[in-house]
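Heads up: the structure comes next, in structure tokens.
Coordinate-derived values only; no laboratory data. None of the values given here were measured: they were computed from a predicted structure. Heads up, the Cβs are rebuilt from the backbone with ideal geometry, glycines too, and the neighbour counts pull from every protein chain shown.
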């Protein structure tokens, strides 16, 4: 890898499923897997969030931190926090979820999504133990590939 | 069949995807397939609503009318009409959807759901051309079975 | 339907899972669903034969007769009767299977397959109660469509 | 891991898809993934062999060697080498396949299968770069788990 990228910090309006706000800064030393999603994105519901649940169930918390990032860029009024909480309950999501900070300039894209120049949802980010961004993937990633990458990052 | 059951009329607060309110009464002469669902019910999103879309795509409108009935009995505050419209858009639902009338007695179950004594979602109802209730099924039904039943009711 | 087609008779070398040889002639009065397959055709193993099992399980034997037709046109030496019996056991096939009669003119295509001008496997044939060919479909057919068609043919 | 196990050598009658016979001995330095299967085992065809194909496609040949081991313990007469070759062609298997050596004592179980005390098919073996057996799993393993394990063994 020619050059290591230090990614933007997560800019989160509200955290759910966690007592304390999370930040990439304080997670240094662990591999971080961020699953950016929207509740109304069928690919997220069918593929990405079940994968996030599998990763959260498989790895030791000391090795990998799973974060869901709710990056709403469509149907803003419909995506209430109330709905997100109910959605998390029904989809048995127990890892921390951050609601991406809405834009202040009228853009439909929330701030973390913009800072990472994400193209849509689902998007997967992997951040290594030193805090570098090692994967930025739009769309679904195969489990075999993701398992390999996570184990490689843990072993570094 | 020993005895034919005339089912309760649909009691709907708001209709979407249709210019006119629907009723079993005015649909006499057609087979009616009612798919009762909730947006946050994983079995509805993964199995029942895709099946409703297939039925709606396959059959002649003169033969079969597909209706989605949004029977919210959990997470009432989250299930806004705004969210339902966005959900229908993202899940490409083009058949009529009725929002079941909320109870007035403090019950979590809406009125049509109660009148039919539905046990949960998804629930499938088939009403024949004469207006009799011929199937009341809690859970997912196989496509092969449903196709057979619809064709039999059309042929009557 | 402009014109009704009387299909060629099945030309079978060996019947399995049945005491008596079957023929379209003697099955007059029932709907017949013929699933042409090869053991080594992945689409047959994954989609067509499981569907044949579902049809065989769902319908009354007086209404629908399910027949598997082993139409080997590739890997002839590998497709032994011994293997077919083991395959049927492992895939829990309990409906009658006919081994299509090999060609006598050196063609790789067996005789029933040639007579019907089948393009490959899986192929589905539906024959109505009067013995007319009502469906000839190359590839997998949806369960919803097949259920509808079978019920319509039964109701005629 | 309390104690490292040096596994029995593969005892193979015939190798396919490889010019030279393979042995765990000569593969020292690479991680070896052995997928024991039977052509007529539905779980092997649907889950295990497609996974073996994915592993073979994903990893560098210098890191991981994928081997299919045809461990026939049922339907011996049906499982001819001719059929296996046709099966490999139709299922697009390009990694080396070894036909497990039949028993000489009348046991239905072939010799490698017996030496490893495998309980059935599919069975997955992982051998590390030093030649130790690190995983012996009866049934299907999740892709996420397998990816993690392979990457960990490569990183050792």
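Computed values, structure above
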item	result
Mean Cα-pair separation over length for chain D, i.e. relative contact order, pairs under 8 Å, 6 or more apart, %	34 percent
Per-residue mean of C-beta atoms belonging to partner chains within 10 Å, peptide D:75-82	5
Other copies of residue B:42: label-to-label distances in nm, shortest first, labels 7 Å along the beta-carbon direction	1.9, 2.4, 2.8
Rounded to 10°, Cα long-axis angle of helix D:49-58 versus longest principal axis of chain D	40 degrees
Label distances, nm, residue D:57 versus same residue in remaining copies, Cβ-directed 7 Å point	2.5, 2.5, 3.0
Residue-averaged [θ]222 nm for chain B, counting only DSSP H segments that reach four residues, each worth -39500 (n - 2.57)	-7000 deg cm²/dmol
Span from the the range C:1-71 Cα centroid across to the the range A:34-68 one, whole angstrom	45 Å
Crossing angle, helix C:143-155 versus chain C [Cα axis fit, 0-90 degrees, rounded to tens]	60 degrees
Kirkwood-type radius of chain A, with distances r between different C-alpha atoms, in Å	15.6 Å
Closest Cβ on chain D to the rotation axis that carries it onto B (distance rounded to whole Å)	D:46, 10
Euclidean distance between Cα centres, the range D:83-156 to the range A:121-156, Å	28 Å
Rotationally averaged projected area of the protein assembly as shown (alpha carbon convex hull; nm²)	36.2 nm²
Nm distances between copies for residue C:107, ranked from closest, using label points 7 Å along Cα→Cβ	5.0, 6.5, 6.6
